[in-house]
Every structure is written in structure tokens, then in C-alpha cells.
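Trainee: Got a structure for you, written out below as C-alpha cells; questions coming shortly.
The values are calculated or read from the model by the stated rules, or taken from the named source; none is laboratory data. What you see is a predicted model; the values in this text were computed from it and never measured. All Cβ positions, glycine included, derive from the backbone under ideal geometry; neighbour counts span all protein chains shown.
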Amino acid sequence: MKLGICGWILVKVTYSKLKYVVIRTISHSRILTSAYFAFSPSYRREQRALVSGLLSHMKDIKEDTSFFLLRRNIHRIEKGLVMPSRRPVFAAEYIGETVDYYLKALKNCGGVSREFDWATDVLHQYFASVESHPYVDKARRAFLEIAPVEPGEAVPYKHGTVRSPVTNDELLSLVRQRKSVRTFLQKPVPRELVDTALEIAALSPSSCNRQPTHYRIYDEGPLLREMARLPLGTAGFADNIPMICAVTGDLSAYFYERDRHSIYVDGCLSAMLFMLALETVGLASCPLNWAEIDSRDQRFEKMAGLLPHERAIMFMAIGYPDPEGKVAYSAKKDLSALRSYNQASEAARRPELRDEVRTRVANWWRRLRKLVAPAAEDMTLFFILYESELLALVRSH
Ligand SMILES: Cc1cc2nc3c(=O)[nH]c(=O)nc-3n(C[C@H](O)[C@H](O)[C@H](O)COP(=O)(O)O)c2cc1C
């Protein structure tokens, strides 16, 4: 049976109305909300990926096979080194494991990596800065036995009075130049240019410097065509995309569920730098939404060979912009709608009001207890008596 446009509109309207009723009902209750999401396949996939990430992280703690743990601990140590009021001994509780991770990383990468050099330099400075402590001394001995003797320069440094190398106007014109481009010239995109832009994306901040982001790039053959059609938002220009990139995040970088959003935040911070950097090498881009659709997620996982704890964050079309192609204007919201300063609730603004409310609630509570207590005592007595009667009855049989 064919529905036709009117039929589809009717289905859509009915669905929207039904959904509104359901969402309004469950929005009043946490339990109903949980029940609702228990039936959502996309949430299940996300939760599975999260659990898989936690498991992988725990395995890494046992086997020390990833850089995440070393990265995180080295960053914690360098943060300790830059604190204005540094303690004479810090990081004692995790310096042992950090040196362990360091030794394992040395085995894994053979000591050749930017990050490994950084770890070496920071540990050298740490051991030269902290006072004696049994845990620290033990770790120091293990480290000095194996670490390169000459430390490098990847250690905390003075910020100094630096002036921005680009003016506000220059930055503004670069940012204004970047627009979402959907019409590309049909010529190959040089990988060296993309790598140049990625070196800039690599400088983006990430929580605890964990750097969970990865760029999966496709620029040839049927794989490119199929990948370009995977995100919903490429309808109408998928065949025009000369290079597509999937930005993915690795959930095995975290030990706690509370960090589950970090891959998205870190991934997007990096992607923004990448898009700006692409502009500087003459390329254009269009960020592409990766909607949570179970079947597409599965297809992407299979095609890209994603591990269970790796998640797609967004896609990006990349290419030389066609000078004749049109770009959507996409007006931005006004400053007044973009920000607010010192916005707070009335209670937070007037602590005396909060205290008054607290005192009033405490008084009500006291009065209520006074009122209820005698009755409660009677009830307790009743239950004690009733129970002893019951026990006597049971015993007598
Ligand atoms: C996370 C994200 C997802 C997007 N997804 C799509 C998409 O699927 N298809 C598309 O044509 N544009 C997509 N865009 C581009 C937006 O439509 C565009 O950024 C917005 O209209 C502002 O325009 P501008 O980028 O030219 O400033 C996406 C942008 C972002 C940030």
C-alpha cells in the first residue's frame, strides 16, 4: 500500500503528537525516563561502548598497553609542578604506577615518540623537585636505572609576556572565511595539506591531555563513496565529496562513567581547529552530523573496523571549494543571546534569603516531628506488643 505525501504527513503529525504526550508524561519522573530509554537501541549502543571502554581501560591498567594512563599521570605531575604553592612531596600515591607505565611504554614504542620524550622530561624534573619519601625514592631508583640521562625541554615553562601573533581582525577574517562548503572541485585533495592541518588540530586542548580523538580519512574508491553516503546530512552532495573524514573518540581513555562526554567535547575542540587550519592551506570543509541511528552506527563500525569502545563523533567533508559553488549565509545569533554574565537564581544571589528559607524549613520539620512523634511512639509500641503476641503464638504451636 502506497501512502502518498498526504499519508506521510498524517503519519508524521500523529507520531509527533504521540511523542509529545509520551515525553511530557515521562518528563515528570526519573523512573519512567529510565524505562523509556531502556528501550532505545541507540542508548544501549552508547552504554555498551561506555562499558567496553571502562573494561578496556581497566585491562590497560593491568597490562599497561596504552598511552592514556601514562599521558594522564604525566599531565597530573606537570600540573603539580606548575602549582603556585607546590607541596614538597606530591603524587607519591601514583608515582610508582606512573614509572611502571613509563617502563612499559618504553618497551612498546622503543623510546621514540614525542609523548615519550615529554614523559621522560617531566619525570626528570619531578624527581629533581620533590623531597624524599619511600614511594618516591623507590620510583626514582626504577626510573633513573632506565631513563635517558639528558633530559630535554618538554617541561613546564614560564608563560612570559607574549603578544598574540595574529590580530583580532586577522583571526576574525580567518573565522569568517570558514564556511560550510558543500560544492567541491573534483580534484584530489593532497594528503600533505591535510596532515599539515592535522598537526594544528593535534594542538587542541583535551581533558587531562588524554587526546582520545582519531581522524579516519577516506579519499579513494568505493569506500569513499560509501562513507560519504553514511551520514544523513550529505543527501544532495554526497557524490561531490572528494574526501571524507570521520572524527572518532576512544572511550577506553577513562576510568569513570562521569567522563563519558569527554570524547565529544575533546573531539569537537580538535575538529574546530582542524577546520580552521584547512582554510589556511586552501581547503574547505563541511561538518556533518552523526545521528544516533543503530543501523548506520553498525555499518560504520563494520566498515571502519571500529573497536567496541570507539565512537563516531562527527564526519567532515573536505575538498577544494568550487569558486562558482554557493555557500549558505547562516546568520549567527546576537551577542545578547549568546552570553550572560553572573546569571544566578534569586537564592544564590541573596544568601540571607537562602538561610531564611532553611530556618523556616527546619522549624516546620521540628513542629511536624513534635506532632507526629507521640503517634509514632504509640505505633511502635503497638508493633512491639503485636510482635511479642505473635511470637508467643508461634512458640505455643
Ligand atoms: C556538528 C555539526 C553537524 C552538521 N551536520 C551537517 C550535515 O549533516 N549536513 C550539512 O549539510 N551541514 C551540516 N552542518 C553544517 C551546518 O549546517 C553549518 O555549520 C551551520 O549552518 C552554520 O553555517 P557555517 O558553518 O557556514 O557557519 C553541521 C554542522 C555541525 C557543527
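Trainee: Can you find even one residue in segment 233-240 that is surrounded by 15 or more Cβ atoms within 10 Å (Cβ to Cβ) and farther than 15 Å from VAL181 by Cα?
Mentor: Among the residues of segment 233-240, not one is surrounded by 15 or more Cβ atoms within 10 Å (Cβ to Cβ) and farther than 15 Å from VAL181 by Cα, which makes the answer no.
Trainee: Could you list all residues from segment 317-347 that are more than 16 Å from the ligand (Cβ to nearest atom) and outside any loop (DSSP other than H, G, I, E, B)?
Mentor: LEU335, SER336, GLU346, ALA347
Trainee: Is it the case that SER173 is farther than 25 Å from MET303 by Cβ, of a type in the set (S, T, N, Q) and buried (at least 17 other Cβ atoms within 10 Å of the Cβ)?
Mentor: When the stated conditions are applied, SER173 does not pass them.
Trainee: When segment 263-277 is examined, which residues are found to be out of contact with any Pro (no Cβ under 7 Å at 6 or more places or on another chain) and either among the β-branched types (Val, Ile, Thr) or more than 14 Å from the ligand (Cβ to nearest atom) (or both)?
Mentor: VAL265, ALA277
Trainee: Identify, please: which residue in segment 300-328 is within 30 Å of TYR256 (Cβ to Cβ) and basic (Lys, Arg) and is, among those, nearest to the chain's Cα centre (by Cα)? Working first, answer last.
Mentor: Initially, segment 300-328 is screened for residues within 30 Å of TYR256 (Cβ to Cβ), giving 300-302, 304-316.
Checking which are basic (Lys, Arg) leaves us with 302, 311.
On the way: LYS302: 23, ARG311: 11 Å.
Filtering first and then ranking leaves ARG311.
Trainee: Which one of ALA228, ALA246 is within 16 Å of the ligand (Cβ to nearest atom), at pLDDT 95 or above, touching a helix residue (DSSP H, G or I) at 6+ places or on another chain (Cβ under 6 Å) and among the small types (Gly, Ala, Ser)?
Mentor: Of ALA228, ALA246, the one residue that is within 16 Å of the ligand (Cβ to nearest atom), at pLDDT 95 or above, touching a helix residue (DSSP H, G or I) at 6+ places or on another chain (Cβ under 6 Å) and among the small types (Gly, Ala, Ser) is ALA228.
Trainee: A further question follows. Just to check your reading of the model, which residue among VAL155, VAL130 is more than 29 Å from the chain's Cα centre (by Cα), more than 16 Å from the ligand (Cβ to nearest atom), of a type in the set (A, V, I, L, M) and not assigned by TED's automatic domain parsing to the domain that holds LEU273?
Mentor: Numbers: VAL155 fails: more than 29 Å from the chain's Cα centre (by Cα).
When all the criteria are applied, what remains is VAL130.
Trainee: Right, next: Give the residues of segment 255-286 that are more than 18 Å from the chain's Cα centre (by Cα) and crowded, with 16+ Cβ neighbours inside 10 Å, sorted by residue number. Give the derivation first.
Mentor: At the first step, the residues of segment 255-286 found to be more than 18 Å from the chain's Cα centre (by Cα) are 275-286.
Once the filter is applied, which keeps residues that are more than 18 Å from the chain's Cα centre (by Cα) and crowded, with 16+ Cβ neighbours inside 10 Å, segment 255-286 yields MET275, LEU276, ALA277, LEU278, GLU279, LEU283, ALA284, SER285, CYS286.
A quick yes/no check of all residues on (1) among the hydroxyl-bearing types (Ser, Thr, Tyr); (2) without any contact (Cβ under 8 Å) to a residue 12 or more places away in the chain:
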| site | (1), (2) |
| --- | --- |
| ARG140 | no, no |
| ASN168 | no, yes |
| ARG178 | no, no |
| PRO212 | no, no |
| THR234 | yes, no |
| CYS245 | no, no |
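Trainee: Can you name every residue in segment 56-75 that is surrounded by 14 or more Cβ atoms within 10 Å (Cβ to Cβ), of a type in the set (A, V, I, L, M) and closer than 19 Å to GLU310 by Cα?
Mentor: ILE61, LEU69
Trainee: Could you list, in sequence order, all residues of segment 346-397 that are at pLDDT 75 or above and of a type in the set (Phe, Trp, Tyr)?
Mentor: Those that are at pLDDT 75 or above and of a type in the set (Phe, Trp, Tyr): TRP364, TRP365.
Trainee: Go over the candidates GLY236, GLY221 one by one and state the one that is within 15 Å of the ligand (Cβ to nearest atom), more than 22 Å from the chain's Cα centre (by Cα) and at positive phi. I'd like the intermediate steps shown before the answer.
Mentor: Numbers: GLY221 fails: within 15 Å of the ligand (Cβ to nearest atom).
The unique qualifying residue is GLY236.
Trainee: Need the failing condition index for SER204 against (1) in a loop (DSSP other than H, G, I, E, B); (2) of a type in the set (Gly, Ala, Ser); (3) modelled with pLDDT of 95 or more; (4) within 14 Å of the ligand (Cβ to nearest atom), just the number.
Mentor: Of the numbered conditions (1) in a loop (DSSP other than H, G, I, E, B); (2) of a type in the set (Gly, Ala, Ser); (3) modelled with pLDDT of 95 or more; (4) within 14 Å of the ligand (Cβ to nearest atom), the odd one out for SER204 is (4).
Trainee: Okay, next question. Quick test for you: out of SER173, SER164, pick the one residue that is closer than 30 Å to ALA331 by Cα, out of contact with any helix residue (DSSP H, G or I) (no Cβ under 7 Å at 6 or more places or on another chain) and modelled with pLDDT of 95 or more.
Mentor: Only one candidate passes the filter, namely SER173.
Trainee: Let me ask you something else. Whether any residue in segment 21-38 is within 23 Å of ARG260 (Cα to Cα), crowded, with 16+ Cβ neighbours inside 10 Å and not assigned by TED's automatic domain parsing to the domain that holds GLY96 is what I want to check.
Mentor: For segment 21-38, residues within 23 Å of ARG260 (Cα to Cα), crowded, with 16+ Cβ neighbours inside 10 Å and not assigned by TED's automatic domain parsing to the domain that holds GLY96: present.
Trainee: Answer yes or no: is there a residue in segment 164-182 that is more than 27 Å from the chain's Cα centre (by Cα), hydrophobic (A, V, I, L, M, F, W, C) and within 26 Å of PHE274 (Cβ to Cβ).
Mentor: Among the residues of segment 164-182, at least one is more than 27 Å from the chain's Cα centre (by Cα), hydrophobic (A, V, I, L, M, F, W, C) and within 26 Å of PHE274 (Cβ to Cβ), which makes the answer yes.
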